[in-house]
Amino acid sequence: MTSEEFKNLYTLQDSDESITPFQNELGFSLIRRYPENTVYNKDNRRMFIKIAILNQKFFYSVDMTKPEKREDSTNYIISDGEEYNKKITNFVSDGGEFTFDETTQKVIHQPTNKSFTLNEFADILAANHLSDRLFLKRILNWFADRTLRILFWLSDSRYERIQTSIDKYHYSKGENLPKDEKKNIEPFFKYFYISKNILFAFLLIALPSAIFLGHLWIAGEFSLSNPSIVLLFFLVLFSCEKASIWLDKKIKGFLMPEEDHFAERKINFVEKMHDFQYRNKFKIKLKKNNKKNGNKK
């Protein structure tokens, strides 16, 4: 079966804008409009459905996209839909839950052995996409995202999930590598390599604590003439330096991992939290969408 023959097993509906067969693999991509009563339709968003057979496994994915016209072509930019109160669910398969039977030309759900035509299967994918299937996962993703934003901020960097993923991809290809610029270090701290935001965070905590909790200090008078205070101050600077170097190394290891073909690459916690946000796995609900997408074309 060719990709064109596989595409022809699907019949376009009134809600479908276009269908494009893949060139180098068996499958197609489908651009579909959202139901008319949704805010996504009013905002000119589109569903981007992909169905493919690759390495004898059946894959699929659904994403919200934002069409952008550029001269004579239209680009579809993936969107996670976070700007909407009622969430949609972008998802991608792992190639294990469904198979495609070329004899019956139907999609088989392996756990239940139920079969569906490509049109029925596309409707099932669309219905799951329009449901908030990842409510709890989205909350965990929010915490992971905010934690990464704080960690990058402490290292004088900025984290944005989509943009960071794009940057990481370019860095892995050796493109647009960031310049290794010298840190601007104040003369007083010339012996300490400290990210300015880590130092700022320390001062933000230390100064109010000294004001309101200074009377609880038990190691002599709480003043700059106290050797204990001076020693503690420099110990904190030393700790901030170690934290800055450690965090900077972890972030660089995530963005630009060293290529060592003789050793297994270790995935650090920054990369684990980043990748966690993309593992949006759940069991597909097989209830078909009762709302008609329109007459067949």
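Just checking, which of Ala122, Ala127 is small (Gly, Ala, Ser) and more than 22 Å from Glu4 (Cα to Cα)?
Details: Ala122 fails: more than 22 Å from Glu4 (Cα to Cα).
The conditions single out Ala127.
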*Would you say Gly294 is at positive phi, over 22 Å from the mean Cα position of the chain (by Cα) and either at pLDDT 75 or above or outside the structural domain of Leu154 (by TED's automatic domain parsing) (or both)?*
yes
*Members of segment 22-39 that are crowded, with 18+ Cβ neighbours inside 10 Å and farther than 15 Å from Ser61 by Cα*: Arg33, Tyr34
*Test Asp167 against the stated conditions and say whether it is modelled with pLDDT under 90, surrounded by 15 or more Cβ atoms within 10 Å (Cβ to Cβ) and not assigned by TED's automatic domain parsing to the domain that holds Phe28.*
yes
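Among the residues of segment 73-90 satisfying the criterion of being exposed (fewer than 15 other Cβ atoms within 10 Å of the Cβ) and within 28 Å of Phe6 (Cβ to Cβ), which is nearest to the chain's Cα centre (by Cα)? Break it down into steps so the answer makes sense when it comes.
First, the residues of segment 73-90 that are exposed (fewer than 15 other Cβ atoms within 10 Å of the Cβ): 73-75, 77-78, 82-83, 85-86.
Restricting the remaining residues to those that are within 28 Å of Phe6 (Cβ to Cβ) gives 73-75, 77-78.
Working: Ser73: 27, Thr74: 24, Asn75: 20, Ile77: 14, Ile78: 11 Å.
My answer is Ile78.
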_Of everything in segment 110-137, what is among the β-branched types (Val, Ile, Thr) and buried (at least 20 other Cβ atoms within 10 Å of the Cβ)? Give them in sequence order._
Ile124
*Is one or more of the residues making up segment 72-83 closer than 21 Å to Ile19 by Cβ, modelled with pLDDT under 95 and touching a Leu at 6+ places or on another chain (Cβ under 9 Å)?*
no
*Please enumerate the residues belonging to segment 84-95 that are at pLDDT below 80 and small (Gly, Ala, Ser).*
Gly95
*Run down Pro257, Pro208, Pro187 and say which single residue is at pLDDT 70 or above and more than 29 Å from the chain's Cα centre (by Cα).*
Pro208
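The values are calculated or read from the model by the stated rules, or taken from the named source; none is laboratory data. Quick caveat, the model's predicted, so the values are computed rather than measured. FYI the Cβ positions are ideal-geometry reconstructions off the backbone, even for glycines, and counts take in every protein chain you see.
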